[in-house]
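One structure is given below, encoded as structure tokens.
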Amino acid sequence: QVQLVESGGGLVQPGGSLRLSCVASGIIFSGSNMGWYRQAPGKEREFVARITYDRSTDYAESVKGRFTISRDNTKNTVYLQMNSLKPEDTAVYYCCRLVGIFPFGSWGQGTQVTVSS
């Protein structure tokens, strides 16, 4: 059974930083593409970043230069380092397994990120 558990969210002031983590189980993590998505209140879930099994990365335009996705295959964990946070980054952040560039399978419970002064 695939399980994804996100953590690391919280309340941060504009300009601050957070690092999100997602621990995966039930998949061959080292061979999986992984992604981060987010959903703000009243909006659809949107792509944030992805990392392939061979560590190629891609980002939404809105987070380029501020967010960094990485992975540690020894810990079955994918990270999202978020710097220079803005109020518009406020959302629930989810990680997912990707097939190609598309989300596949179940989502985790998400972790809330709130950027506010």
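The values are calculated or read from the model by the stated rules, or taken from the named source; none is laboratory data. Note that the structure is predicted; figures quoted are calculated from it, not measured. FYI the Cβ positions are ideal-geometry reconstructions off the backbone, even for glycines, and counts take in every protein chain you see. Just the protein is used for accessible areas: all its heavy atoms, side chains included, with ligands, DNA and RNA removed. Shrake-Rupley method; radii C 1.70, N 1.55, O 1.52, S 1.80 Å.
Considering region 88-105, the residues that are hydrophobic (A, V, I, L, M, F, W, C) and open to solvent by 30 Å² or more (accessible area, probe 1.4 Å) include one that is nearest to residue 38 (Cα to Cα), namely 92. The set of residues from region 77-90 being in a loop (DSSP other than H, G, I, E, B) and in contact with a Ser or Thr (Cβ under 7 Å, 6 or more places away or on another chain) comprises 83, 85, 90.
Counting the residues of region 17-50 that are surrounded by 15 or more Cβ atoms within 10 Å (Cβ to Cβ), among the small types (Gly, Ala, Ser) and over 14 Å from the mean Cα position of the chain (by Cα) gives 1.
Within region 50-76, residues that are more than 26 Å from residue 15 (Cα to Cα) have Cβ atoms under 7 Å from residues that are open to solvent by 60 Å² or more (accessible area, probe 1.4 Å) and modelled with pLDDT under 95 in these pairs: 53/30; 73/30, counting only partners at least 6 apart in sequence or on another chain. Every condition in (1) open to solvent by 30 Å² or more (accessible area, probe 1.4 Å); (2) assigned to a loop (DSSP other than H, G, I, E, B) holds for residue 108 except the one numbered (1). Taking every residue in region 81-103 that is farther than 25 Å from residue 117 by Cβ and pairing it with any residue that is assigned to a loop (DSSP other than H, G, I, E, B) and of a type in the set (A, V, I, L, M), at least 6 positions away or on another chain, the pairs with Cβ-Cβ distances below 9 Å are 97/2; 97/27.
For the structure I just gave you, tell me whether residue 85 is out of contact with any Cys (no Cβ under 9 Å at 6 or more places or on another chain) and open to solvent by less than 80 Å² (accessible area, probe 1.4 Å). Considered against the rule, which asks whether it is out of contact with any Cys (no Cβ under 9 Å at 6 or more places or on another chain) and open to solvent by less than 80 Å² (accessible area, probe 1.4 Å), residue 85 comes out as yes.
Number of residues in region 51-76 that are surrounded by 13 or more Cβ atoms within 10 Å (Cβ to Cβ) and assigned to a loop (DSSP other than H, G, I, E, B) equals 8.
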